[in-house]
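The values are calculated or read from the model by the stated rules, or taken from the named source; none is laboratory data. What you are looking at is a predicted structure, and each value in this text was computed from that prediction instead of being measured. Neighbour counts are summed over all protein chains in view; Cβ atoms, including those assigned to glycine, are modelled from backbone coordinates with ideal geometry. Protein only, heavy atoms only, side chains kept; ligands, DNA and RNA dropped before computing areas. Shrake-Rupley method; radii C 1.70, N 1.55, O 1.52, S 1.80 Å.
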Amino acid sequence: MEKLIIIGAGVAGWTAAIYAARANLDPIMFTGIEEGGQLMLTTMVENFPGFPEGIMGPELMNDLKKQAERYGTKVIQKSVTGFKKIKGGYEVILGKEKYSASTIIISTGASARWLGLPNEKKFQGRGLHTCATCDGFFYKGKEIFTVGGGDSAMEEANFLTKFASKVTIVHRRDTFRASKIMQERINKNPKIEVMWNSEIVELKGEPPLKSIVIKNTKTGGKKEYKTDGVFLAIGHIPNTKIFEGLIELDKSFFIKTDKRMRTNLPGVFAAGDVQDPVYKQAITAAGTGCQAAMEAEKYYEEIGGK
Ligand code: NAP
């Protein structure tokens, strides 16, 4: 039985690994397929303390990984498919393989939310995207749309104007929830327009996407717009499917933790976006990763581990 398994390699997971490795917990990290988490899909991170000029998301993640490995974290690039309570600890299942550990840190993060339209699956990656930094390049000189009113939507719209000739932000209300500084950047960008009180209700094309139907949420009126691309930035859903039924989740499927990052299962801690419906920042994910590792260390000592 291992001392500690960390599931998920975003900011929270790597920070937990750094602390746990330095506390001699010999952590095993299962990275999953989205190694590096959401920061791998972003460009410049301007608000992570300690980087006055900003740092590129992937660079930050790579540095965190190196730091975790330097202290002995064993990194395994596989996805966890199941999770079970067993005598004296927990079993982590990876297809046909099984590992067990006395303590677990869950840092599986959250994945992009889609619109939920009936035919949207067939347009995913063929006109409908959730990552501007990954796919924006394909829209050089095109007129495209983004959806959402948070910081991500502002950031994506701004970034997309590097390629697109025009970006229209479709937002379901008449105010943005994004921070003031991000909204100001949008206002100053001549390539960006905002369509308030609006939502996409239909996607049309073979695929690829050819046009979208937008409904005015106030009047109910609908209009069709020709477009090559739509980028969604409408929030994220926590990756908790494999823990359902065993670990207590809230009504939005975030893992419930107390102030010490403890879940309802003794020895199982959660950190980062998977348990955070409020802040969702890289720095808060790092903070909770540190807390979870320190709590795991304490728990391991309490159960008599050395
Ligand atoms: P968010 O703040 O939750 O915003 C999601 C947006 O999508 C909201 O405007 C919401 O509309 C809209 N939305 C949700 N479901 C929708 C649907 N089904 N159809 C249409 N619109 C929908 O998410 P986020 O922008 O990804 O940000 C998450 C967190 O990360 C925030 O705390 C944010 O501050 C942070 N963040 C920070 C930065 C930065 O500082 N540089 C960059 C990115 C993200 P309503 O407003 O009507 O609810």
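If you go through segment 230-248 and pick out every residue that is within 16 Å of PHE83 (Cβ to Cβ) and either touching a residue at least 40 places away in the same chain (Cβ under 8 Å) or surrounded by 21 or more Cβ atoms within 10 Å (Cβ to Cβ) (or both), you end up with 7.
If you go through segment 93-125 and keep only what is hydrophobic (A, V, I, L, M, F, W, C), surrounded by fewer than 23 Cβ atoms within 10 Å (Cβ to Cβ) and more than 16 Å from the ligand (Cβ to nearest atom), you end up with ILE93, LEU94. Do you know which of the residues in segment 201-220 that are over 13 Å from ASN119 (Cβ atoms) and within 14 Å of the ligand (Cβ to nearest atom) is least open to solvent (accessible area, probe 1.4 Å)? If we take residues in segment 201-220 being over 13 Å from ASN119 (Cβ atoms) and within 14 Å of the ligand (Cβ to nearest atom), then ILE214 is least open to solvent (accessible area, probe 1.4 Å). Considering only residues in segment 132-152 that are within 18 Å of LEU203 (Cβ to Cβ) and at pLDDT 95 or above, the one that is farthest from the ligand (Cβ to nearest atom) turns out to be LYS142. The numbered conditions (1) open to solvent by less than 60 Å² (accessible area, probe 1.4 Å); (2) not assigned by TED's automatic domain parsing to the domain that holds ARG177 are all true for GLU53 except (1). Hey, does segment 5-20 have a residue that's of a type outside the set (A, V, I, L, M, F, W, C), modelled with pLDDT of 95 or more and closer than 22 Å to MET154 by Cα? No - not one qualifying residue is present in segment 5-20. Taken over segment 158-200, the criterion of being part of a loop (DSSP other than H, G, I, E, B), of a type in the set (A, V, I, L, M) and more than 15 Å from the ligand (Cβ to nearest atom) is satisfied by ALA164 alone.
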